Every structure is written in structure tokens, then in C-alpha cells.
1. When Lys and Arg each count +1 and Asp and Glu each count -1, what net charge do the other residues less than 13 Å away from residue 185, Cβ to Cβ, add up to?
2. Quick check on packing: order 62-73, 148-159, 169-180 by the mean number of other C-beta atoms within 10 Å, highest mean leading.
3. Hey, got a sec? Which GluC sites (Glu not before Pro) in the stretch 6-60 land in a DSSP loop and have at most 12 other Cβ atoms within 10 Å?
4. Which of the peptides 112-122, 235-245 is most tightly packed, and how do the rest follow, going by the mean number of other Cβ atoms within 10 Å of each residue?
5. Viscosity 1.002 mPa s, temperature 20 °C: Stokes-Einstein D of the stretch 250-381 from its Kirkwood Cα radius, in µm² per second?
6. Filter the trypsin sites (Lys or Arg not before Pro) in the stretch 7-63 to those in DSSP coil with at most 10 other Cβ atoms within 10 Å of their Cβ, and list the result.
7. Under unit Cβ charges (Lys, Arg +1; Asp, Glu -1), what dipole magnitude, rounded to 20 debye, does the chain have relative to its Cα centre?
8. If I take every Cα pair under 8 Å that is 6 or more residues apart in the chain, average their sequence separation and divide by the length, what percent do I get for the relative contact order?
Amino acid sequence: MPAYAVEFTTERGLQRTQFTLDDDRPLGPQVRQILEELRGTGVMISGAAEDELTVVWGGRDLDTAQAPQELGISPQRTLELHMRRRARAVKVPALSAFVPKGAYAAGVSGLAGALIAWLVCSTITDLSDALPTYARLDLAVGGMFGALVGAFVAGSDALRRRASVPIDAIFGLGLGLLGGLAGAAAGAGLGGVLAPRLSSATFPIARILAWAILASAIGLTLGMRWWQADEHRTVDGAGYGALAGAIGGIIYSLPGPSEFWQALAFAIVGAGIGAGTCAPSLRRSVAILELERANGARVGLTRLREWALASGSSVPLERDGSAVASVICEATRCRIVPAAGGSGVRVAGKVLTATTELVNEDRVVVGDAQYRFRRRRRATA
């Protein structure tokens, strides 16, 4: 068995002696045996009663549950035994259910795009050379609706994540346009099939189905924007879209001021598509990192910056355009890693000097910005 030089501090100062260690046995029992041998000779390592023993080799703390061979240590460097103050147990706030602000913001963005689409479409009061039939008119309205809702939802999602807003908005516009055209065509086709069987009493059912198909198609194609990160967003968008579309169709079929009901139906469907493609994904995340304060003031929906943290995700935290730290998630555990040369980052009131695991309700301060870390699922080893 190899012999290691072991250093420790007593009342007489720093001392060194030799001990043999078995490479295949856990380090902890062997270190306890060393301590017993030292006590037998009247040697006690300096430290307070509440301190705990740490074993250091080459500047790193060793996991004493592992064997020397597993730890990759050798007698070429000295083993150091230190008594350090035991870290106080920190009470971690219990996990509680909450709705991320991004869920509201996504709904608002979809609503805004839908209302703009309604304003544009409301200027079309009759058929024209460009739109000679009601089938083409439906396609134009469906395409316009999907394009604007898609652009607003995808663009605002990119804004919240500090991604490229123009690129995401263009993708959202194209995918929304595709879904709007496909949904409008499918709804028109369904109407053509059902027309001979419809009466004045059953006609609203066909309208409701057409709205549901349109919204479901837009939600499905828009969800493809995030397919690589979360493929479930296509299903979310389609499901929420179908439900919102059905509600919109019912509202549009109400008696009274048709323009008002149409505008309300557009708004509800747009909000449903926006919430559907974004909110469930946020709920499935391991944790949410949210910009809570900036420039000394609380952040509202218009300036919201928010990230859904999942396994394998990494979010850089910047100050003056340079990354000073990164939040990294692996499985269900998230940690914050300081960047090379980064300084001034504080976590839970303490200056960040080394990689630190984040716990529920931690606040991370970067310059004049404060972020809030909230867990949605309990961390596991």
C-alpha cells in the first residue's frame, strides 16, 4: 500500500507524518483510523467542537466516500487534514405552485397580434378582383390571422429569452401563415361537405368547427418553431388552439353586434394560441429564472425577461454586454458558474466566487439587475 505524507495543524503548529492508505478502500474510514492513531499518541488536530473535518489533496476537497483510486490521488502530493466551521443549514423555501409571468405575456402577445389582424381584415367589406370568392376571402383572413399571431407570439417569446426577435418573428409569421391557410382551407372544405346537411339551427356548429380547426392548425404549426427544444409545444398549441377556437366560434355566433363579437372572438383565439404554445412548456420546466428588478425598479410584462430551465439548458447572465456568469441545469439540479474574469455577481447576498448550486427562491444580482430563481420540481441527486 502506498505511503502518503499527511499534514495537519495542532497547538504546536503545522505537522507532517506518513501513513499508508489502501487504494481500494473508501477514504473516510482510513482517515478516521489515522485520527484514532494520532489521538493514541496524544496528538489532536486544532479546531472547535462544532467544526468538521475536510480532506484536501492538490487544492481540492475530497469525497471521503470514495477510494483513493477512484479519486485519482497519489502519494506525489500531500494529504491535508483541516478542521473547518460546519456550514449552517439553510432553510430552503418550500416549493409552491405559481404561474410564470411568461404564460400571461404569451397570451397578451397573441391577443395583440389577433386584434391587429382583425383591424386589417375589417377593412375588407366586400369581394373584389383580388378576392372574388368567399373561399379566397376566408383564406386571406385565416392567413393574415395566423401570420400576425405567429409573429407576435414568437417575437415576444424571443424578447423574453433575449434571443433574436426579428428571426423568431419571421419564423412565427411564416409558420402562422402556413397554419392559417391550411386551417382556413380545411374549415372551408368541411363547410362544403356539411352544407347540404345544414339548417339555420345547425349552421353555427359548422362555424364553431371551422374556428376550432383554424386555431388548432395555427397552434400546431407555430409550435414547430420550438420543436428541437420541446416537441410537445406542437401538441400544446394544437390542443389549446382547438379549445380557444371553439370558444371563439361560439362567441362569434352570438346574436347582436357582430363586429364586436368578431373582435372578441379574434382576441380570445389569439390569446389561447399564445398561451397554448408557451405556458405548458414553462410548467414542464425544472425551474424558472426571471428578471425581477432592473435599474432599481420592478419589471412588468412589457420588460419581462424569463427563461424556462430544463435539463441541458444554459443561460448566460450579462453585464455591459459581457457574460459574467451562466446558469446551467443538469437533470433536475441547477447551478450558477462564474465566467472567467467575471466579478460582482451575488447569490443569496454572497459574492459568487465558485460554482454554486441554486436553491428555490435564490436571488442573483448582476450589476443593477436582480434575477429570481424559482423551482417547479424538486431537485434530486
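1. Local net charge: 0.
2. Values: 62-73: 15.8, 148-159: 27.8, 169-180: 23.5.
In decreasing order of mean packing, 62-73, 148-159, 169-180 become 148-159, 169-180, 62-73.
3. Values: sites: 7, 11, 36, 37, 50, 52; in loops: 11, 50.
For GluC sites (Glu not before Pro) across the stretch 6-60 that sit outside H, G, I, E and B with at most 12 neighbouring Cβ atoms in 10 Å, the list reads 11, 50.
4. Descending mean neighbour count gives 235-245, 112-122.
5. On the way: Rh = 16.9 Å.
Estimated via Stokes-Einstein, D reaches 127 µm²/s.
6. Here the trypsin sites (Lys or Arg not before Pro) that fit, given the DSSP loop and packing criteria, are 12.
7. Numbers: 39 positive and 33 negative charges, 155 e Å.
So the dipole magnitude of the chain works out to roughly 740 debye.
8. Taking the mean separation of contacting Cα pairs over the length of the chain, I get 13 percent.
Coordinate-derived values only; no laboratory data. All figures in this text were calculated on a predicted structure; none of them were measured in a lab. Don't worry about glycine lacking a Cβ; one is built from the backbone with ideal geometry, like all the others, and counts go over all protein chains shown.
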